[in-house]
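Scroll down for the structure; my scribbles are underneath it.
The values are calculated or read from the model by the stated rules, or taken from the named source; none is laboratory data. Worth saying up front: this structure is predicted, and the values here are computed from it rather than measured. Heads up, the Cβs are rebuilt from the backbone with ideal geometry, glycines too, and the neighbour counts pull from every protein chain shown.
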Amino acid sequence: MRVRHDTKVFKLAIAALGGQGGGVLTQWLLDAAEASGFIAQATSVPGVAQRTGATLYYLEFFPRAAAEEAGGDPVLALMPQPGDVDLVVASELMEAGRAMQRGLVTRDRTTLVASTHRVFTIGEKSALGDGLADSDTVLQVARATAKRLVALDMEALALKHRSVISSVVLGALAGAGALPFSAEACEQAIRASGRALERNFAAFEAGKARAEAAAGGDAAVASPDSASLYDPVPVPRNLKAKALMERVSKEFPGTCADLLGIGVHRLVDYQNHRYAGLYLDRLRSILGLDSPARQYTLLLETARGLALWMSYEDTARVADLKTRAARFARVNAEVGAGDGRLMRIVDYLSPRVEEICGSLPAWLGSPLMRWGFTRRIVQAFTGGRKISTDRLWGYLLMRAMARTRAWRPSSLRHREEDARIREWLATLAELAPQDYELAVEMAACQQLVKGYGETFERGLSRYRAISEALPALQTGSDPASAVRELRDAALVDEEGRKFEATLARLCENRPAA
Amino acid sequence: MAERSFAKEVELLRLTAGEEFRGEGILAVTKALLQSGVAYVAGYQGAPVSHLMDVLADAGEILDELGVHFESSASEATAAATLAASINYPLRGAVTWKSTVGTNVASDALGNLASAGVKGGALVILGEDYGEGSSIMQERTHAFAMKSQLWLLDPKPRLDSIVTAVQQGFELSEASNTPVMLMLRIRACHLYGSFIASDNRRPPFTAADALEAPQRDASRIILPPYTYEQEREKTEQRWPAAVRFIRENKINELIDGPESELGIVLQGGLYNGVLRALEHLGLADAFGGSRLPLYVLNATYPLVEEEFVQFATGKRALLIVEEGQPEHIEQAAHQFLRRADLQTRVLGKGPFPMAGEYTGSVLREGIRAFIEEHSPRLLNPVVEQPLLPAAQLASAVPERPSGLCTGCPERPLFSSLKLLQKEIGPVHVSADIGCHSFASLEPFHLGASILGYGLGSAAASALHSRGDRRPVSIMGDGGFWHNGLTSGIGNAVFNEHDGVTIIVDNGYAAATGGQWVPSSEADAPRRTARLSIADAVRGVGVRWVRSLNTYDMKGTLRILREAMSTREKGPKVIVAQGECQLNRQRRIRPLLDRLRKAGKRVARKHYGVDAETCTGDHSCIRLSGCPSLTVKPNPDPLRRAPVAAVDHDCVGCGVCGEVAHAAILCPSFYHAELVDNPGAIERLMQQLRRRMIGFLQSRNQRKRALAW
């Protein structure tokens, strides 16, 4: 038999997430292709992948005319071959990465049309700290690997037009001119499917426009909305606040001004000017140990940690934040209220004996905590509470809690936290002269002490474990990196397996002193 | 009604002669059955054949018109046993399930059926789920064909070839009085393509006719002296008859090629892949023209020795392209050539890996290796594209395992189990097959073993001590009705087990696409549903039975504690109820939209996390793992860890709030109740509230402003 080398197969792979509607997109592409004179074939592997897992659709188009001319029936493949795909569509950034890993994207021929938004994997989300994958690497590799990259945040467009990502993807494909058939054919396919036409078309058009604009290069950067809740510290009008900010600019190096400004602002908002003043006093003692040569790393790290620690989350703070107008507005925006829709905010609080007693004056709180029977009385007030913060009574209740900030400085919790903070600062002051790096790492350990209830206890105990291990670690070769290693380990697993193991290893490795 | 409605596809089943069918492979099979005058169809859903069941379940009308009996069997064993109708009567019957798991379940009935032999054509349509994405263990159906003397068809993955295979399958079965298995790989089942349809045929003989004149033939009974007779019949009559039929009807294809000193023998199902690989090596064109002779086995068992020998004669070497292990075809080939005293080299496993799916690159590299060894001149130097990213991305791209859907009712159950372990220490969890299998992955890490569908409870049988620790077994409602009621619960009662079995009652066979099960709550046309799992369990003698709503985690935890500690002897069974959210949303969304449009009052909940109070520890995520509970960069310039956030897919199931309470997590969770078309009074009240609270808020704001 004669072998003819004139293949005109167009190969298209769709890397998607189960439940993202890849099936719908595939059907649209098939209809458009067939209407445009192609023999079209598609395969997929549903099954469990459809349940939120990574999944791949594969399509091949062959010109009907060419087949008839050759008088043959094209044999189309059911799986993509590495290095043999014309168009790769990824409806999420990491899926684009996965497709590249499989070798489906090659410099010589592959157009990569990818959405830059992230759907984080359970692994990334489960981390006790920051476990997010590095989007930039994937984008860089995409630029380097694809013949042509069209990248844009398709999810954002889908949301904007209250439609599904599939319509945006199809629009992007049409706009990028990445398909062997016209944009009209795609529109016709959507029309034929007849579902949610207006929205789908709007989304389609949006994707098309963005892709046309982005054609050639890549458009958006792959980071979700990182808009800060905190505007840069406003210029103070209150005299005491002014005084504080002047202290910042007078007494501290300019490179630290912004961060310290945020700290001061945070603490005035949290308690009062005196409290913010204390913050600066404490930082001065650290400033003395630091130097421009070291870019004030220790001061900055301490300033960040100290601001957070001094504004520890107690009942008063939480209640205060939850009752602010800005917060109501934010919730409205997030859940898409407004336009004639009523809304009601219900907050989930579950105070423990510790929180309740902690917020009481120490003279009252600590005995209540200590004695079994009084503890039991307090117990009665614990447990899950749902409070309608935007109903009058709920609001007043929350405000009442917020009001307890008045006696916060004398509260049991405050006494405890204040002691810890002093201890922490003392440690830093003691370490800095002998081992600056170590002091910086210890300053950074503050980030372990965060959250509420169990989370707080866990973090605190690991922070304590590290402080207690210090003498042992200091006899080691590189205590600074040891502490860094421990801090990272503390954020690996809840049960603390990794942390315990690391701690044991680091403490035994040291030469017997 | 399944997860997907097949109303449109059903219309495809009505196509008449000459019209073009455009659709999925498995639907083409369904159409082919009707075209072959099938009298009855049964089966058990499972990827990749679920759609066959689903579309027929929606096609009641057409089936009635044609007088075709259809049922969703209780299990694959039931489906296989259904084929008994073709032993004594000239009825064409087809059954379907996921292989090899389903074939394992069905093997008792299949073995007996194969021994008795059939009068009417009996076709077993198998969706083979072999490969990296598969959710079942990797096995070959081929071994079943060999041990039970069932014939195995493995057609080319083209709709027309598949349709022909169905037709020929029935004929082969009748010609050799043997049930025939038609195997389709998962991608072939989900293959979208087209073929020219022909008219549907009413079965010439029906169940009614059979019952009018009942037949029996003692020699079809599996008892001595007949069993040995049947064994002889298999080898002396049915086998040769099958081989004759396959040869005479040219079911296997011999494709000639100029490079006649080499040859490739391949399973029909791998045809497209092999051709593409050859094309890449410059040895084939887009239309199936190949320089190497091909022997395409559309029937992989029994093999036709004459054809094999004929193909091998005059060749230096043969390459056998056969997926999976053991390499039965390759072994047979060696035997054939030895008997024919041919010196042709036979290669298969070697150029190809013993285990794993034959993907595009595996096929290309295997064939290249074979040619390089035996006729290197055929290969023109290849320019490999550098696949640079792989290494760079290895660390950058995180795994994305499957998991429970947004708002899944099983999530709070497993969160509760996790919390229970925090209280009483780790427990042995015997997992089962179904969506709940995902609990063995992140973030739950529950489940020590999965032994098979409905066998969760049975798999804990040996782990019953008289001590106070109890094993926990999971079982889905699907698995429960499939066999768990007897193999698990009944067995536990009979043997006085003390363990805890949790039956996940979500109202559907959810993992396979939301098919009905006997305990489904909604109206199931042509089915009797709404059977109570709790009653069934009591019926087999369980005394300690509790039902719970999984979304109520407090209650769930209480009952779990009780189950683990109660003095009550015997198995403890918990029926954990909560409708599959995927199906629920499909059910209520359109409903609510209609109400909204009609101006009726509609309230819904949306959950959220306050970024200002979230400290980025993510214990909520570790306890729930809901897809819509995600993270976003921390808006607090002083903080580093990303904060939890709820995305727009939230269905308001409330689990995150429940978790926050049950685990005493943090005060960051809230839910917003959104009301469309609120009443006048409601609106008025809201305005008053807005005024008063707004006033107070602005007063506080002013105070704060004054301090800065």
* To do: With respect to A:E69, determine if the residue is within 29 Å of the chain's Cα centre (by Cα), more than 7 Å from chain B (Cβ to nearest Cβ), assigned to a helix (DSSP H, G or I) and acidic (D, E).
  => no
* Go through (1) more than 7 Å from chain A (Cβ to nearest Cβ); (2) touching a helix residue (DSSP H, G or I) at 6+ places or on another chain (Cβ under 6 Å); (3) in contact (Cβ under 8 Å) with a residue 40 or more places away in the chain and name the single condition B:L629 misses. => (3)
* Asked: Quick check, is B:A42 crowded, with 20+ Cβ neighbours inside 10 Å, free of Cβ contacts under 8 Å to residues at least 60 places away in the same chain and touching a helix residue (DSSP H, G or I) at 6+ places or on another chain (Cβ under 9 Å)?
  -> yes
* To do: Examine segment B:530-538 for a residue that is among the basic types (K, R), out of contact with any Cys (no Cβ under 9 Å at 6 or more places or on another chain), modelled with pLDDT of 90 or more and more than 19 Å from B:S457 (Cβ to Cβ), and state whether such a residue exists.
  => yes
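So that you can scan it fast, the table gives a plain yes or no per residue for (1) more than 7 Å from every other protein chain (Cβ to nearest Cβ); (2) part of a strand (DSSP E or B):
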| site | (1), (2) |
| --- | --- |
| A:E95 | yes, no |
| A:A114 | yes, yes |
| A:V119 | yes, no |
| A:V138 | no, no |
* Asked: Taking the stated definitions as given, is B:L419 part of a helix (DSSP H, G or I), touching a residue at least 60 places away in the same chain (Cβ under 8 Å) and more than 30 Å from A:S135 (Cβ to Cβ)?
  -> yes
* Mind checking whether some residue in segment A:455-462 is surrounded by fewer than 19 Cβ atoms within 10 Å (Cβ to Cβ), within 27 Å of B:S619 (Cα to Cα) and either in contact with a Cys (Cβ under 7 Å, 6 or more places away or on another chain) or acidic (D, E) (or both)? -> yes
* Structure fact -> Only one of A:A213, A:A243 is part of a helix (DSSP H, G or I) and either in contact with a Leu (Cβ under 7 Å, 6 or more places away or on another chain) or at pLDDT below 95 (or both), namely A:A213
* **Lone unmet requirement of (1) surrounded by 13 or more Cβ atoms within 10 Å (Cβ to Cβ); (2) out of contact with any Ser or Thr (no Cβ under 8 Å at 6 or more places or on another chain); (3) charged (D, E, K, R); (4) within 29 Å of B:M53 (Cβ to Cβ) for B:K147** => (1)
* Select, from B:L283, B:L292, B:L266, the only residue that is within 18 Å of B:G366 (Cβ to Cβ), within 36 Å of the chain's Cα centre (by Cα) and not charged (D, E, K, R). => B:L266
* **Of all residues making up segment A:329-339, the number that are facing chain B (nearest Cβ under 8 Å) and over 22 Å from the mean Cα position of the chain (by Cα)** => 1
* To do: Looking at (1) within 14 Å of chain A (Cβ to nearest Cβ); (2) touching a Leu at 6+ places or on another chain (Cβ under 7 Å), find the lone condition where B:T359 falls short.
  => (2)
* Candidates A:E60, A:E34 - the one that is among the acidic types (D, E), within 24 Å of A:V105 (Cβ to Cβ) and modelled with pLDDT of 95 or more -> A:E60
* To do: Could you check how many residues of segment A:242-297 are over 21 Å from A:R405 (Cβ atoms) and of a type in the set (V, I, T)?
  => 4
* Asked: Among (1) in contact (Cβ under 8 Å) with a residue 40 or more places away in the chain; (2) surrounded by 18 or more Cβ atoms within 10 Å (Cβ to Cβ); (3) aromatic (F, W, Y), which single condition is A:W407 missing?
  -> (2)
* To do: Output the residues belonging to segment B:554-588 that are within 26 Å of the chain's Cα centre (by Cα) and assigned to a helix (DSSP H, G or I).
  => B:Q581, B:L582, B:N583, B:R584, B:Q585, B:R586, B:R587, B:I588
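Scan the helices (runs of 4 or more DSSP H) fully inside segment B:604-708 and keep the ones with 1 or more residues being buried (at least 22 other Cβ atoms within 10 Å of the Cβ). Reasoning before the result, please.
Working: elements: B:619-624, B:655-662, B:680-707.
Once the helices (runs of 4 or more DSSP H) in segment B:604-708 are filtered for at least 1 residues that are buried (at least 22 other Cβ atoms within 10 Å of the Cβ), what remains is B:619-624, B:655-662.
Taking the condition out of contact with any Asp or Glu (no Cβ under 9 Å at 6 or more places or on another chain), closer than 26 Å to A:K450 by Cα and without any contact (Cβ under 8 Å) to a residue 24 or more places away in the chain, does A:A325 pass? Let's see the steps before the verdict.
On the way: out of contact with any Asp or Glu (no Cβ under 9 Å at 6 or more places or on another chain): yes; closer than 26 Å to A:K450 by Cα: yes; without any contact (Cβ under 8 Å) to a residue 24 or more places away in the chain: yes.
Yes, satisfied.
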* For segment B:83-139, enumerate the residues that are modelled with pLDDT of 95 or more, in a loop (DSSP other than H, G, I, E, B) and buried (at least 24 other Cβ atoms within 10 Å of the Cβ). => B:L83, B:L91, B:R92, B:V118, B:G120, B:G121
* Asked: In segment B:482-520, which residues are of a type in the set (F, W, Y) and either touching a helix residue (DSSP H, G or I) at 6+ places or on another chain (Cβ under 9 Å) or in a strand (DSSP E or B) (or both)?
  -> B:Y508, B:W516
* Asked: Looking at (1) touching a residue at least 24 places away in the same chain (Cβ under 8 Å); (2) within 14 Å of chain B (Cβ to nearest Cβ), which is the one condition that is false for A:T297?
  -> (2)
* Determine whether segment B:669-677 contains at least one residue that is more than 26 Å from A:E355 (Cβ to Cβ) and more than 7 Å from chain A (Cβ to nearest Cβ). => yes
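Check A:V3, A:V75 and return the single one that is more than 28 Å from A:T137 (Cβ to Cβ), at pLDDT 90 or above, within 8 Å of chain B (Cβ to nearest Cβ) and in contact with a Leu (Cβ under 9 Å, 6 or more places away or on another chain).
None of the others qualify; the one that does is A:V75.
Residue-by-condition table, conditions (1) over 30 Å from B:S619 (Cα atoms); (2) in contact (Cβ under 8 Å) with a residue 60 or more places away in the chain:
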position: A:M100; (1), (2): yes, no
position: A:L112; (1), (2): yes, no
position: A:V119; (1), (2): no, yes
position: A:L132; (1), (2): no, no
position: A:R148; (1), (2): yes, yes
position: A:K160; (1), (2): yes, no
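Only one of B:G348, B:G324, B:G356 is within 27 Å of B:F144 (Cβ to Cβ), buried (at least 17 other Cβ atoms within 10 Å of the Cβ) and touching a residue at least 60 places away in the same chain (Cβ under 8 Å); which?
B:G324
Determine if segment A:366-389 includes at least one residue that is over 30 Å from the mean Cα position of the chain (by Cα), within 30 Å of A:A443 (Cα to Cα) and either assigned to a helix (DSSP H, G or I) or of a type in the set (V, I, T) (or both).
Scanning segment A:366-389, I find at least one residue that is over 30 Å from the mean Cα position of the chain (by Cα), within 30 Å of A:A443 (Cα to Cα) and either assigned to a helix (DSSP H, G or I) or of a type in the set (V, I, T) (or both), so the answer is yes.
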* Structure fact -> The lone condition B:L548 fails out of (1) assigned to a strand (DSSP E or B); (2) surrounded by fewer than 18 Cβ atoms within 10 Å (Cβ to Cβ) is (2)
* Per-region count, segment A:299-331, residues closer than 20 Å to B:M692 by Cβ, basic (K, R) and in a helix (DSSP H, G or I) -> 2
